[in-house]
Amino acid sequence: MSDISTWLENSKQQKLRQLNEDLNVDVAIIGGGITGITAAFLLSKQKKRVVVVDKDGISQGATGWTTAIITQYIDTDLKTLVENYDKKTAQLVWQSGKDALDFIRKTVQKENIDCEFVAVPYYVYATSDHEFDNIKQEFEASQKLTSNLTLSHDNTLPIKAHGVLTLPNQAKFHPVKYVSSLAQEAIKNGVSIYQAEVKEIKDQKVITKSGTIKAKDIIVATHLPFNEPHGLKFKKTKYKTYMLEVKLPTGTLPEACYQDLKSPYHYMRVDKRKGQDRILVGGEDHRRDIPVSEEKSFKALEKYFKNLLPKVKYTITNQWAGSVIETIDGLPYIGAFRDNPHHHYATGFSGNGMTYGTLSAMMLTDKIMGRKNEYEKIYRPDRKPTVSQLASKFADYAKVFLGGVVKNSLSR
Ligand SMILES: Cc1cc2nc3c(=O)[nH]c(=O)nc-3n(C[C@H](O)[C@H](O)[C@H](O)COP(=O)(O)OP(=O)(O)OC[C@H]3O[C@@H](n4cnc5c(N)ncnc54)[C@H](O)[C@@H]3O)c2cc1C
């Protein structure tokens, strides 16, 4: 069994030039994941002079270790969104996710990107009657935002489920192929991409050991901002999430993306393949700073999967773990702080970095081009959470703690 992600294992890695000179450009982007490379792609189309630097290479961070489910159904559930924000904000959050998904869909078509992009339904399934009540509440909350979701109490899926909420026309792709294609396109438009570790940002200078990049605008797209800006210090937490790649008979489950309602939740994507289908199943998340045995977490994930499809013969071909960044109010931080409007941040995507990395690139491009963006206020990094947002996030932390850390630490 391999422990490198299926995406990195099955794609060509692009070797980058080392930075060994000083440069002067319009925009310096730190980080060559989906966020940084999408921003480079977009800004290069606006004729900006752009340099990207990454310490490890393109898609070597979370983007290379993701499940690559692309959905507007974000980890903060609709009921919480509607309760904790006003209706207009909840609607804008919903719409912003759709914009990102549509952008990826259109870009794949327009640029003719070969990245296994498939539009699929997104299923939220209940595994008990109590959970069915929860998805019923989700459905009711969704009616305030969209008429796209449907609810079924019958088990329409070949798993042990007690009802399903369905959101059509979401998607999945091969993230490394997608990001590599955007990088190639950006390079054609004049972008330079270098390998170098950024040590410091000083005013408008990006400082590495082997060269300094002077830029009017700087985008920190390093998943967790490497320079820990003061304004984000206590507003986000790193979680560890686990993933199994499973091969099983073709047609066992419909090709789609799935999640349940546990705390922490489990997520899956099913890929139709010749010979055998592939499922990526993930979950058992816990805070990074709490030591939980990896072995127990992988075992718990397998047990969960086995229980879901008890009669199915499967093989685990791969397993890996990675980080997701949670924020204290359940929405990401995208934008700049007042003290320096030219230092842009994009972090706190939870398990929705395909959607939010893309949205960040779109929003930051607008900002740098001096265009108004309707989502700027919602995601600004200096926003203050309300008491009810904090209370619901802490309740969620507690449930995830009991469900991930405690359960898997005590398991044999
Ligand atoms: C197991 C797992 C499953 C997931 N599933 C999903 C999913 O199904 N759908 C979804 O939408 N999201 C999912 N996510 C989240 C998503 O993968 C991430 O949010 C997203 O990839 C973040 O992209 P990014 O470009 O912001 O960061 P990254 O991809 O991490 O890129 C940041 C880059 O910055 C570079 N860097 C860091 N520090 C420095 C420095 N000092 N100098 C230079 N370079 C630096 C790193 O080398 C890295 O390449 C998942 C994450 C994990 C781990």
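The values are calculated or read from the model by the stated rules, or taken from the named source; none is laboratory data. Fair warning: this is a prediction, and the values are worked out from it, not measured in the lab. Backbone-built Cβ (ideal geometry, glycine too); neighbour counts: all protein chains shown. Please note that ligands, DNA and RNA were not included when accessible areas were found on the heavy atoms of the full protein model with its side chains. Shrake-Rupley method; radii C 1.70, N 1.55, O 1.52, S 1.80 Å.
Hey, could you check segment 274-308 for residues that are touching a Lys or Arg at 6+ places or on another chain (Cβ under 8 Å) and assigned to a loop (DSSP other than H, G, I, E, B) and say which is surrounded by the most Cβ atoms within 10 Å (Cβ to Cβ)? This residue is Val292. Considering only residues in segment 189-202 that are open to solvent by 80 Å² or more (accessible area, probe 1.4 Å) and touching a residue at least 12 places away in the same chain (Cβ under 8 Å), the one that is farthest from the chain's Cα centre (by Cα) turns out to be Glu200.
Among the criteria (1) under 30 Å from Thr317 (Cβ atoms); (2) open to solvent by 10 Å² or more (accessible area, probe 1.4 Å), the one Gln170 does not fulfil is (2).
Within the bounds of segment 319-335, is there any residue that is over 30 Å from Asp366 (Cα atoms) and open to solvent by 40 Å² or more (accessible area, probe 1.4 Å)? Yes. Exactly one residue among Lys45, Lys98 is more than 7 Å from the ligand (Cβ to nearest atom) and touching a residue at least 40 places away in the same chain (Cβ under 8 Å), and that residue is Lys45.
Any residue at all in segment 237-245 that is crowded, with 20+ Cβ neighbours inside 10 Å and either more than 14 Å from the ligand (Cβ to nearest atom) or among the small types (Gly, Ala, Ser) (or both)? Looking for residues that are crowded, with 20+ Cβ neighbours inside 10 Å and either more than 14 Å from the ligand (Cβ to nearest atom) or among the small types (Gly, Ala, Ser) (or both), one finds none in segment 237-245, hence no. Listed by position, the strands (runs of 3 or more DSSP E) inside segment 105-219 whose residues that are within 20 Å of Ser59 (Cα to Cα) and of a type outside the set (D, E, K, R) number at least 3 are 192-195. Among the criteria (1) farther than 21 Å from Val206 by Cα; (2) in contact with a His (Cβ under 9 Å, 6 or more places away or on another chain), the one Thr35 does not fulfil is (1). Per the listing Leu232, Leu224, the residue uniquely out of contact with any Asp or Glu (no Cβ under 8 Å at 6 or more places or on another chain), more than 12 Å from the ligand (Cβ to nearest atom) and touching a residue at least 60 places away in the same chain (Cβ under 8 Å) is Leu232. Close contacts from segment 17-33, counting a first residue that is at negative phi and a second that is of a type in the set (Asp, Glu) and within 16 Å of the ligand (Cβ to nearest atom), with Cβ to Cβ under 7 Å and a gap of 6+ residues or different chains, come to Gly32/Asp54. Scanning segment 209-220 turns up one or more residues that are touching a helix residue (DSSP H, G or I) at 6+ places or on another chain (Cβ under 6 Å) and farther than 20 Å from Phe117 by Cα.
Among the residues of segment 24-63, those that are surrounded by fewer than 22 Cβ atoms within 10 Å (Cβ to Cβ) and in contact with a Lys or Arg (Cβ under 7 Å, 6 or more places away or on another chain) comprise Asn24, Val25, Asp26.
In segment 64-115, which residues are over 30 Å from Phe132 (Cβ atoms) and open to solvent by less than 30 Å² (accessible area, probe 1.4 Å)? Selection gives Gly64, Ile104, Thr107, Val108, Ile113, Cys115.
Look at segment 309-328: where a residue is closer than 19 Å to Ala68 by Cβ and touching a residue at least 40 places away in the same chain (Cβ under 8 Å) and a partner is assigned to a strand (DSSP E or B) and small (Gly, Ala, Ser), sitting 6+ places away or on another chain with Cβ atoms under 8 Å, you get Thr317/Ser2; Asn318/Ser2. Residues in segment 246-273 that are outside any strand (DSSP E or B) and of a type in the set (D, E, K, R) were compared, and the one that is least open to solvent (accessible area, probe 1.4 Å) is Asp260. Could you tell me whether any residue of segment 199-211 is more than 19 Å from Ile334 (Cα to Cα), in contact with a Phe, Trp or Tyr (Cβ under 8 Å, 6 or more places away or on another chain) and within 11 Å of the ligand (Cβ to nearest atom)? Among the residues of segment 199-211, not one is more than 19 Å from Ile334 (Cα to Cα), in contact with a Phe, Trp or Tyr (Cβ under 8 Å, 6 or more places away or on another chain) and within 11 Å of the ligand (Cβ to nearest atom), which makes the answer no.
The residue pairs whose first member lies in segment 60-89 and is among the small types (Gly, Ala, Ser), whose second member is more than 9 Å from the ligand (Cβ to nearest atom), and whose beta carbons are closer than 6 Å, counting only pairs six or more residues apart or on different chains, are Gly64/Trp7; Gly64/Leu8; Gly64/Val176; Ala68/Phe173.
This table checks each residue for (1) under 17 Å from the mean Cα position of the chain (by Cα); (2) away from the ligand (no atom under 15 Å from the Cβ).
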site	(1), (2)
Lys12	no, yes
Asp26	no, yes
Ile29	no, no
Gly36	yes, no
Ala40	no, no
Thr63	yes, no
Ala68	yes, no
Thr71	yes, no
Ile74	yes, no
